[in-house]
1. Over 29 Å between Cα atoms, which of LYS43/LYS543; LYS67/LYS264; LYS85/LYS621 qualify?
2. What would the Debye equation give as log₁₀ I(q)/I(0) for region 474-531 at q = 0.14, 0.24, 0.31 Å⁻¹, counting only Cα atoms as equal point scatterers?
3. By what distance, in whole Å, do the Cα atoms of region 28-150 stretch along each of the three principal axes, largest value first?
4. Which percent of the accessible heavy-atom area of the chain goes to carbon and sulfur, probe 1.4 angstrom?
5. Taking the alpha-carbon set of region 396-506, what are its Rg and Dmax in Å?
6. Taking the solvent-accessible surface of protein heavy atoms with a 1.4 Å probe, what is the per residue accessible area of region 233-336 in Å²?
7. How big is region 432-561 on each of its three principal axes, counting only the C-alpha atoms and giving the largest first in Å?
8. Given the rule -39500 (n - 2.57) for each run of at least 4 DSSP H residues, summed and divided by the residues of the chain, what is its mean residue ellipticity at 222 nm, to the nearest 500 deg cm²/dmol?
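The values are calculated or read from the model by the stated rules, or taken from the named source; none is laboratory data. This is a predicted model, so every value here is computed, not measured. Cβ placement follows ideal geometry from the backbone for every residue including glycine, while neighbour counts extend to all protein chains displayed. These accessible areas exclude ligands, DNA and RNA; they are computed on the full protein's heavy atoms, side chains included. Shrake-Rupley method; radii C 1.70, N 1.55, O 1.52, S 1.80 Å.
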Amino acid sequence: MIKTYLSAVLFIVLQVAVFAQKHKSTTIGKSNKEELEMQFYDKDTLADALVLYEHANIYIDEDNDYKFRTDHYYRIKIFDKEAYKFADISIPFYDKETVKDIQAVTYNLNGDIIDKTWLKEDAIFTTKETEYWSQTKFTLPNLKEGCVIEYVYSVISPYSRLDDWYFQSEIPKLNSEYNASILGNYKYNIRLVGTKELDKKDFSSTEDCIHVPGMSSGSCVNYTFGMKDIPAFKEEDYMLSKKNYLSRLVLDQLSYTDVYGGVKKYTKTWEDADKTLKRLFLDNQTSKQNFFKKNLPEEILDVENDLDKAKKIYKYIQNKMFWNGKYWTQGKLKVKNTFDEGTGSVDAINLVLHNSLNAAGIENYLVASSTRNNGLPTKLYPITKDFNYITVKAVIDDKPYFLDATDKKLAFGQVPFKCLNGEGRVLDFDKGGYWEPMKTNSSSIMSIQSELDFNDVNELEGELRVTRSGYYALDERKDLGRMSDDEYLDDFETKNPNVLINEYESKNETELDKPLEQKFDITLDHSYTNSNTIRINPFFFNKISTNPFKLDERTFDVDYGYARTLFYTVKINIPPDTYNITKLPKKTGIALPNSGGNFMLSVSKSDNSIMVTTRLYILKKTFSAAEYAYLKEFYNQIIKAEQSYIQLEKI
């Protein structure tokens with residue numbers, strides 16, 4: 001993250017005439033007996049905590065060298081022990097920012113007396129997290145069920161970038177307010193994210209709030225925003241970052257006008273934003289192909305077919321480079337040093353790949369994107385702060401391939417799942433950048449086939465074959481890579497408690513462009529020796545037993561990341577003259593609206609065998625909130641179908 005530093009020269013000449021904004025800050029000491037006697041929140045009786053009131057107030061602080069000051073206030077009701085975590089406070093701050101004026105108190109009701117336990121100064125700690133980021137931490141004392149915690153602190157910042165204000169969180173809130181008084185020469189675009197409307201919205205101005213001696217006076221723009229009765233945000237499976245849906249206020253800085261009338265625009269056009277990315281984030285390291293022409297193996301550069309050449313370059317860089325776990329290079333980025341050292345951050349490694357493809361004459365572009373947990377990048381106007389990841393787009397025979405050389409398990413044309421997050425910004429510095437959906441070239445299919453026979457002790461045993469492609473293969477290869485064979489098989493049996501593995505072999509573990517094939521010799525851990533009636537659930541592997549969709553209503557999209565297909569076939573052979581087949585699973589067919597997917601279960605039988613087959617297709621990566629109820633019922637029906645049994649009666 002890059003923050004904009006305010007010129008210290010400006011503040012040398014500024015004198016504050018009248019500035020009452022600081023008096024809007026909420027002071028500590030607001031709790032009362034009524035709050036302490038509250039036993040639950042009637043609008044969300046399952047909530048373990050409730051924000052009674054929170055407030056942020058931003059203004060220029062003449063007592064701190066005219067820097068930006070944000071006064072924070074929070075008061076939270078704790079209903080039960082599960083909410084004690086909300087008393088662990090962490091305040092992140094960047095580089096030259098400081099945290100000060102911390103006060104915190106816990107209120108408990110002792111009969112009719114309100115006991116107050118104050119935070120001691122020696123219980124406040126500051127830790128260095130990265131080169132530029134630190135955290136101040138403290139925990140409120142004397143927590144009990146039913147208590148109220150209250151705390152205030154201020155962040156002093158020389159930066160004009162304003163943090164987002166989150167009206168909504170994982171617990172409900174009664175009242176959340178945001179005030180800001182900003183010099184008129186700072187221009188911001190203000191936008192509200194989320195589905196909830198503001199209850200309070202006010203704009204005003206204060207004349208002569210800043211006086212520049214010998215020149216003129218400056219005015220301040222005052223903002224007031226507020227929400228009441230804000231429901232808790234409930235996370236669920238298959239969603240993008242909650243940042244996309246939480247009700248929050250975003251203030252994006254557009255420009256700054258200095259005392260002499262000069263205007264600095266932080267973003268003018270998308271072309272300017274692309275150049276900013278190239279200059280600040282990529283350190284102008286995008287045109288170093290001559291170095292790589294000399295340092296890439298000649299046998300790779302001599303390959304005639306462009307696709308084959310690109311794949312060999314990708315594999316070479318992927319195997320040579322090791323990711324250090326960081327997305328951005330701290331300090332000066334030198335792509336030659338990254339290549340020689342064999343390690344680097346995401347931007348550095350993919351710049352190596354970009355320059356290597358350029359050296360080979362392969363058309364390719366860098367792509368700026370945002371990962372799923374970072375939120376969707378805004379396309380409303382040109383900004384760069386939403387991007388946190390760099391990949392490469394190669395174009396070969398008019399076909400695009402998105403590439404990321406940081407992960408040694410990624411196939412050519414596959415990006416990490418975390419990058420499947422809407423659209424990325426393709427940085428074409430010659431013809432102009434453009435937006436394009438981040439997608440993969442491979443299909444994600446899992447095929448499961450099994451044939452089982454009764455052994456001498458009337459257990460079912462046989463063969464299980466699993467073939468995976470796309471992201472199914474990627475996930476499994478990662479598991480195989482981080483565990484030994486014994487650890488992997490132990491983990492497999494833990495996840496599938498009714499399956500015992502006798503032998504195991506795999507194919508194409510390192511051939512990333514091919515499906516991963518696994519073969520297991522298995523025994524199902526159940527003997528039917530003394531049973532006249534046998535009930536067999538044929539779905540002993542990869543069974544869907546719980547519905548991932550549990551909310552009564554979901555107000556945000558379901559996002560799988562990628563379309564997917566699952567095939568499942570099991571054949572059970574029955575010894576002659578042993579059992580009659582008396583019951584089979586019912587044939588089932590379910591379809592989602594708007595061609596979203598379908599599920600089919602079919603059964604066939606002969607005198608000596610039964611075959612059960614299912615097909616599950618999720619044909620879209622994204623489903624709207626309006627389709628949620630259908631998707632939820634779709635899974636309910638699948639669960640019901642896979643709970644069915646085969647019943648055999650002994651002859």
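1. Working: LYS43/LYS543 37 Å; LYS67/LYS264 19 Å; LYS85/LYS621 35 Å.
Among LYS43/LYS543; LYS67/LYS264; LYS85/LYS621, the Cα-Cα distance tops 29 Å for LYS43/LYS543; LYS85/LYS621.
2. Reported log10 I(q)/I(0), two decimals: -0.46, -1.04, -1.34.
3. Per principal axis, max minus min of the Cα coordinates gives 46, 30, 29 Å.
4. Numbers: 14380 of 31390 Å².
Of all accessible area on the chain, carbon and sulfur atoms account for 46 percent.
5. Rg and Dmax of region 396-506, Cα atoms, are 20.1, 73 Å.
6. Numbers: 5880 Å² over 104 residues.
Per-residue accessible area for region 233-336 comes out at 57 Å².
7. 74, 43, 23
8. Details: 11 runs with 102 residues, N = 651.
Result for the chain, helices only: -4500 deg cm²/dmol.
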